[in-house]
Amino acid sequence: MLVTVIDYNSGNLASAARGLVLAAAQRGIKADVRITADPDVVARAERIVLPGQGAFADCAAGLAGVDGLKEAMFARVDAGAPFLGICVGMQLMAARGLEHKVTPGFGWVQGEIRALHAPGLRLPHMGWNELAFEPGSHKLLEGLQPGDHAYFVHSYALAGADPGQLLATTDYGGPVVAMVAHGNRAGTQFHAEKSQQVGLRILGNFLEWSP
């Protein structure tokens, strides 16, 4: 199974790749995990992972700045390859981001990326938080229980989400979108690759997911 981790100079690529390799080993899955910016490799990918760190606009510009990369990723996902966005990679799935300026997103899920509203709490939201979700509601949540913890680092989050695309939330001064999915496209606001066994479970589920 060819799994591509999209390289657009966003950071966190190596840890995402290591997480996928470990998750594959735990499941006995033979996975060729490659960090790549090569559109030809992405065009052959059986699964695509888009990590992301930093500002929405910078990540969008970085992806668009690699010739043919975004187009290859879109074409492969449109053809049915399962996609997982992590942190800003998930945020890019939204219609637009409002960090510093208005920046178009992929439009794969409803809503926009706005500054977190958490009066009295420190921003960025950084640390371990509980996940709230309906058990058994999605393949990516298989083997997890409400109250399991994941690791978050962010100051912006998805607002105006479609309830039908919402997989999990957390609480930080109010409900915060933690996971979304629509068709073969899914995302985690938290860093799955840094969320220990909970994150490895999600990554393993992603490798076995047949949307």
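Accessible area per residue for the chain, computed on protein heavy atoms with a 1.4 Å probe, is 42 Å². A simple spin-label model places the labels of Glu46 and Lys139 1.2 nm from each other, with each point 7 Å out along Cα-to-Cβ. Put simply, the Cα atoms of the chain extend 47, 38, 28 Å along their principal axes, the longest span coming first.
Extending 7 Å from Cα along the Cβ direction at Ala95 and again at Asp162 yields two label points whose distance is 1.1 nm. Each residue, His117 and Ile35, gets one label point 7 Å from its Cα in the Cβ direction; the gap between the two is 3.8 nm.
Please list 185-193, 3-11, 19-27 highest first by mean number of surrounding beta-carbon atoms within 10 Å per residue.
Final packing ranking: 185-193, 3-11, 19-27.
Under 16 Å of direct C-alpha separation, and excluding same-chain neighbours fewer than eight residues apart, Lys101 reaches these aspartates and glutamates: Asp58, Glu112. Heavy-atom surface analysis with a 1.4 Å probe gives the chain a carbon and sulfur content of 50 percent of its accessible area. What the phi angles of region 68-73 give under the Karplus curve with 6.51, -1.76 and 1.60, with θ = phi - 60°, is a coupling list of x, 5, 4, 5, 5, 5 Hz, glycine and proline written as x. Taking each DSSP H run with n ≥ 4 as -39500 (n - 2.57) and averaging over every residue of the chain yields -7500 deg cm²/dmol at 222 nm.
The values are calculated or read from the model by the stated rules, or taken from the named source; none is laboratory data. Note that the structure is a prediction, hence the values are computed from the model and not measured. As a convention, Cβ positions derive from the backbone with ideal geometry for all residues, glycine included, and neighbour counts pool all protein chains shown. In case anyone asks, the SASA skips ligands and DNA or RNA and just uses the protein heavy atoms, side chains included. Shrake-Rupley method; radii C 1.70, N 1.55, O 1.52, S 1.80 Å.
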